[in-house]
1. Considering each residue of the stretch 119-148, count those that are in a helix (DSSP H, G or I), open to solvent by 10 Å² or more (accessible area, probe 1.4 Å) and either modelled with pLDDT under 95 or not aliphatic (A, V, I, L, M) (or both), and give that number.
2. When you look at residue 327, is it more than 16 Å from the ligand (Cβ to nearest atom) and open to solvent by 40 Å² or more (accessible area, probe 1.4 Å), yes or no?
3. So residue 69 fits all but one of (1) within 17 Å of residue 222 (Cβ to Cβ); (2) without any contact (Cβ under 8 Å) to a residue 60 or more places away in the chain; (3) hydrophobic (A, V, I, L, M, F, W, C); what number is the exception?
4. Evaluate the following for residue 365: is it of a type in the set (Gly, Ala, Ser), in contact (Cβ under 8 Å) with a residue 24 or more places away in the chain and closer than 22 Å to residue 239 by Cα?
5. Within the stretch 404-433, which residues are open to solvent by less than 30 Å² (accessible area, probe 1.4 Å), more than 11 Å from the ligand (Cβ to nearest atom) and either in a loop (DSSP other than H, G, I, E, B) or without any contact (Cβ under 8 Å) to a residue 12 or more places away in the chain (or both)?
6. Among the listed residues 205, 195, identify the single one that is closer than 24 Å to residue 407 by Cα, in contact (Cβ under 8 Å) with a residue 24 or more places away in the chain, within 10 Å of the ligand (Cβ to nearest atom) and surrounded by fewer than 22 Cβ atoms within 10 Å (Cβ to Cβ).
7. So residue 192 fits all but one of (1) within 30 Å of residue 377 (Cα to Cα); (2) touching a helix residue (DSSP H, G or I) at 6+ places or on another chain (Cβ under 7 Å); (3) not hydrophobic (A, V, I, L, M, F, W, C); what number is the exception?
8. Please tell me if residue 107 is farther than 25 Å from residue 371 by Cβ and among the β-branched types (Val, Ile, Thr).
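The values are calculated or read from the model by the stated rules, or taken from the named source; none is laboratory data. Here the structure is a predicted model, which means the values were calculated and not measured. Backbone-built Cβ (ideal geometry, glycine too); neighbour counts: all protein chains shown. The protein model used for the area step is the full one, side chains on, heavy atoms only, and it has no ligands, DNA or RNA in it. Shrake-Rupley method; radii C 1.70, N 1.55, O 1.52, S 1.80 Å.
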Amino acid sequence: MTHPESPVQPARDQEIAQFRAILRSNDRGGYAVPSSRLYPFQWNWDAAINAVGWQTFDEDRAWQEVESLLAGQWDNGMVPSIVFHKPAQSYFPGPQEWGCDDRQPPTTSISQPPVLATMVRRMRARSVDPAVDARLAPIVARLVRWHRWWHRDRDPLHTGLVVTYHPWETGSDNSPAWDEPLKAVPPTARAYQRRDTGVVDGSMRPHKAEYDRFVYLVDFFRDCGFDARKIYDGSPFRIVDFALNAILLRADADLAVLCDDLGMRDEAGELRACHARSLAAIDSLWCDALGRHVSLDTRNGRRLEQHTHAAYLAWYANLFQRAGGTARSAALQGGLEDLLQSTRFGLASTHPRDPGFDPRRYWRGSVWPHINWLVAEGLSEQGLPVAARRLRDDTLALVRAAGPFEYFSPDSGEGLGGPDFSWTASIALILLAGSGSGVSQGAACA
Ligand code: 9WN
């Protein structure tokens, strides 16, 4: 604990003020854009992380961030990856390309990793608002509908694992893990104009070959009329992303606790049943030879074995509670140690030994602060504080040296992608406020 008169304190206060100012300057009225020129709308998992960032200094604004995102929820329960609250020309593809411009507010037709319920549980635990549960009730009801959508529309065969149809839905858009499955997607034949490479250098962004396929899939969903079964049967890209499933598992458990707390017993029971089924099913993604879980291409049954950050979310999802879990956790710790030792700053999103590694190109190697934080939370909760501390320290060191960029080179520490990035500022605020989730996983999964 720093003494109030210590010289460190003013520097820390100044830093905190700087990160708060970034959130304030990206605020567009109840929602924050991730980075003003690159991403001028509200993104799903960004909003969840930013809500936690806001809560470190403005709880009312934090809940607004959640409410604004959920205002984009579809009737079927889906919470979209982007809510286009106000028009902006600097991003492609906009609501018209998605075929969702007649919705109010306009949105995309896909979702993103469901970290929100976990963040909401954390926010409730730290709330200073005596009336918080009244505000929470409609939020939790919407979260339940979203989680039902995942388990119903994205797991129609009741396997316990949900599928995703677009690399953008995984949040780790151009991860080398998607290279193989993306080959089955035809490149779009239509002309389109990217905007991202007009804002940041193209060497930090996905290649045109990937965008050609991203656009094909956007058009495919629209042409299917967003029909869940048609898309499940026909999508050329249909993967089980380990990271997304781990995040959903954790979120199901956290949402069940929120339901208990709000007296929603039936919903709590339903979520626990989903959780138990998914916990058993995710076991099938474990690979003994690699010592980690992998993703799966459900189109051909092939495992996607690239060594990415995804595997290290297993602790966050509390996957090692069953028989044999201790040995698996030890194997995974070996992998983490290896990955951390292979670059100057952790956690590289792809291992440098992977042929797809590129330290500057987005999800092909760069360090992402919010991933570091989620992994560190899981490590702390599972009694692995040393590795957790390393990730938290590296994250703050990167942000302090380069500024609050979107992502960072794991080798040089260079700040990459969009500047003045909201969730980077949020993570810095969370780390500076102190570690620990305030959420006990044991209670969640009991
Ligand atoms: C597409 C907003 C989002 C993040 C994603 C990140 C990036 C968008 C893009 O930016 O994706 O959704 O246009 O590149 O990959 O994780 O939520 O910060």
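1. Initially, the stretch 119-148 is screened for residues in a helix (DSSP H, G or I), giving 119-126, 132-148.
From what is left, the residues that are open to solvent by 10 Å² or more (accessible area, probe 1.4 Å) are 121-122, 124-126, 132-135, 137-138, 141-142, 145, 148.
The next check asks that each one be either modelled with pLDDT under 95 or not aliphatic (A, V, I, L, M) (or both); those that pass are 121-122, 124, 126, 133, 135, 138, 142, 145, 148.
Counting residues in the stretch 119-148 that are in a helix (DSSP H, G or I), open to solvent by 10 Å² or more (accessible area, probe 1.4 Å) and either modelled with pLDDT under 95 or not aliphatic (A, V, I, L, M) (or both) gives 10.
2. Working: more than 16 Å from the ligand (Cβ to nearest atom): yes; open to solvent by 40 Å² or more (accessible area, probe 1.4 Å): yes.
Criteria met by residue 327.
3. Tallying (1) within 17 Å of residue 222 (Cβ to Cβ); (2) without any contact (Cβ under 8 Å) to a residue 60 or more places away in the chain; (3) hydrophobic (A, V, I, L, M, F, W, C), residue 69 fails exactly one: (1).
4. Numbers: of a type in the set (Gly, Ala, Ser): yes; in contact (Cβ under 8 Å) with a residue 24 or more places away in the chain: yes; closer than 22 Å to residue 239 by Cα: yes.
Against the criterion (of a type in the set (Gly, Ala, Ser), in contact (Cβ under 8 Å) with a residue 24 or more places away in the chain and closer than 22 Å to residue 239 by Cα), residue 365 qualifies.
5. Quick first cut of the stretch 404-433, residues open to solvent by less than 30 Å² (accessible area, probe 1.4 Å) only: 404, 406-410, 413, 415-418, 421-432.
So of that shortlist, the ones also more than 11 Å from the ligand (Cβ to nearest atom) come out as 404, 408-410, 413, 415-416, 425-432.
Within the stretch 404-433, 404, 409, 410, 413 qualify.
6. On the way: 205 fails: surrounded by fewer than 22 Cβ atoms within 10 Å (Cβ to Cβ).
Residue meeting the stated conditions: 195.
7. Here residue 192 clears every test but (1).
8. Numbers: farther than 25 Å from residue 371 by Cβ: no; among the β-branched types (Val, Ile, Thr): yes.
Answer is no for this residue.
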